[in-house]
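For reference, the structure is listed below as structure tokens.
The values are calculated or read from the model by the stated rules, or taken from the named source; none is laboratory data. Bear in mind that the values here come from a model prediction, so they are computed numbers and not experimental data. All Cβ positions, even for glycine, are placed from backbone atoms using ideal geometry, and neighbour counts span all protein chains on display. These area figures cover heavy atoms from the full protein model, side chains too; ligands, DNA and RNA do not enter into them. Shrake-Rupley method; radii C 1.70, N 1.55, O 1.52, S 1.80 Å.
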Amino acid sequence: MGIVSKQALNNTIITYLGFGVAAVNTLFLYTNFLTDAYYGLVTVILSTSAVLMPLLAFGVPNTLVKFYSSFKKTGNTEAFETLMLLLPLLLILPIALVTFLFTDAIGSFISKENGIVRNYVWYIFLIGFAMAYFEVFYAWAKVQMKSVFGNFMKEVFNRIGVMILLILVYFDSITVDFFLKALVGLYLLRTLIMKIYAYGLKRPKLNFDFPANTRAILSYSALIILGGSAAVIILEIDKVMINQYKLIENVAYYGVAIYIATTIIVPSRAMHQITYPLTAELLNNNDHEGLGSLYKKSSLTLFIASGILFVLIITNLNDLFLVLPEEYRGGFAIVFLIGLAKVYDSVLGINNAILYNSDYYKTLLGMGVLLAVLVILLNMLFIPKYGLYGAALATFIAISIYNTIKLFFVRAKFKIMPFTMETLKVGGLLLVLGGVFYMVNLPFYSLVNIVIKGTITIVLYLGVLYRFKISEDVYRMLSKYLKR
């Protein structure tokens, strides 16, 4: 766990830094420096690009991580690496051609309710393309057990760039139209920098004598497209579909509430950067005991971290809303539902890594596709009827069903579960803290209230964890810092 601890700590710091910058952008700069309509437009462009990204990547990021260690054992990785670099072009080139030939038709479809979206079809494609190849080069670095720089580029680089651009908009140094063009350029630049870094770790040598198991690799990649698309659809399609039914300003309001809830998965995103390739290696080595241990430890650690973030958000949400412009202050139910879903995601630990790197991925990917269809249908049913709350409810139901299926699937096939008695103890502690501090209302300025309540909550939480040694990893970490 030495590699995990060191890189996970670095990734956690970087990811929190990125989310901190994003918090400033999302809660203050976007909401004050852009109109609601343009903020909604940016959200639609980025969410639609994210939905397109798994298709353009052709499943390569996951495929590279899954198969690399087996090729590394033989010392012959060149042909496999060449295949990974070229594979995304099989879909990127025809999709680019379709986009070129049918730009107007696509624009008309995505702007049915909001005409402002019509002229940004190519922005969506180019950002989706940049996202796809960024993930390819990031996976290239991860299989070399180097995830920190890529995590910085993913979590921090673009957000600082956006912050600078928004400030320039505020001072009238650039127009909003230039801001949108620069946003595309920012994603393309990030991909180029990631490519240079990845090739610096291991420069590819083109070898077109593709591996003997190319058919199996292509089959896995094609299925990962379905699985990756399903996962992204479950997470992002709500914002895309709100654009199809409601005024685009509502996408901005919903996006702010979703961002607040999404901060819960910061520890999970940080840890998974390194545990994903380690899980693949454990599976390739048939280390069942090590896999079970990593499953339980990752679940408890992530539940401890995500659970307290959920409590902090919910108990301070009313004060946080008072800091935002008035039109962004609704959405308590949205934050609660999506936040609860994110905690469920986190408590499953390395569940996704186990499934996507195992021989059972085909069944799971099929289930993921069915659930992606379900979330689309639920959004079509709930958004016209319940508006933004309907979108949140659709996402919550879909994620809950999907996670429950994955949990019991791993239990059935690997005979392991992530939960222990410590999981129940942490859950009970979180319920008590959440119930108590939700009822506490301080009379000071909102940000002061948040700091006071948050500090007391964290001190009590860590104190109980330390006193009763609920988690060995957390106890060891706290002991280390207390000794200092």
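Output the relative contact order of the chain, whole-number percent, from Cα pairs under 8 angstrom with separation of 6+ residues.
21
Can you work out the PRE-style zone for residue 377? Point 7 Å along Cα to Cβ, and I want the residues of the range 397-421 with backbone N under 14 Å.
Taking a point 7 Å out along Cα→Cβ of residue 377, the residues of the range 397-421 whose backbone N falls under 14 Å are 398.
Please report the Cα spread of the range 314-355 along all three principal axes, rounded to whole Å, starting with the longest.
Projected onto the principal axes, the Cα atoms of the range 314-355 cover 44, 18, 14 Å.
Count the net charge of all other residues whose Cβ sits under 12 Å from the Cβ of residue 196, scoring Lys and Arg as +1 and Asp and Glu as -1.
Overall, the nearby charge balance is +3.
In Å and on Cα atoms, what radius of gyration and Dmax does the range 376-484 show?
Cα radius of gyration and Dmax of the range 376-484 are 19.8, 57 Å respectively.
Considering the options 184, 123, 148, tell which one lies farthest towards the positive end of the dipole of the range 118-193, charges being +1 on Lys and Arg and -1 on Asp and Glu at the Cβ, about the Cα centre.
Value: 148.
Starting from the Cα of residue 205, draw a straight line to each of the aspartates and glutamates and keep only those under 17 Å, dropping any in the same chain fewer than 8 residues away.
Leaving aside aspartates and glutamates fewer than 8 places away in the same chain, those within reach of residue 205 are 78, 81.
Would you work out the Kirkwood radius for the range 1-156? I mean one over the mean of 1/r across all pairs of different Cα atoms, in Å.
Result for the range 1-156 stands at 17.9 Å.
Enumerate the helices in the chain for which the Kyte-Doolittle hydropathy averages 1.6 or more and the C-alpha atoms extend at least 15 Å along the helix's axis, using complete DSSP H runs.
What comes out of the filter, once short or polar helices are dropped, is 89-101, 158-170, 332-347, 361-386.
Working with all protein chains in place, sort 448, 143 by solvent-accessible area computed with a 1.4 Å probe, largest first.
Per-residue accessible area, sorted high to low, gives 448, 143.
Would you kindly state how much longer the chain becomes between residue 413 and residue 91 on full extension, computed as 0.36 nm times their sequence separation minus their alpha carbon distance, in nm to one decimal?
Here the segment from residue 413 to residue 91 would lengthen by 112.6 nm.
Under 24 Å Cα-Cα from residue 415, which lysines qualify once same-chain neighbours fewer than 8 residues away are excluded?
Here the lysines satisfying the reach criterion relative to residue 415 are 66, 296, 297, 362, 406, 425.
What base-10 log of the normalised intensity I(q)/I(0) is obtained for the chain from the Debye formula, alpha carbons as equal point scatterers, at q = 0.12 Å⁻¹?
-1.16
Over the range 34-142, what relative contact order in percent results from Cα pairs under 8 Å that are six or more residues apart?
Relative contact order here is 45 percent.
At 7 Å along the Cα-to-beta-carbon direction for both residue 72 and residue 284, put a label point, then send me their distance in nm to one decimal.
It works out to 0.6 nm between the two label points.
Efficiency by 1/(1 + (r/R0)^6): what FRET value for residue 101 and residue 199, r their Cβ-Cβ distance, R0 = 45 Å, to the nearest 0.05?
Using R0 = 45 Å, I get an efficiency of 0.85.
List the relative contact order of the range 158-258 as a percent without decimals, with contacts defined as Cα pairs under 8 Å and 6+ residues apart.
14
Using a Förster radius of 56 Å, what is the FRET efficiency between residue 192 and residue 401 based on their Cβ-Cβ separation? Nearest 0.05, please.
E(calc), rounded to 0.05, equals 0.90.
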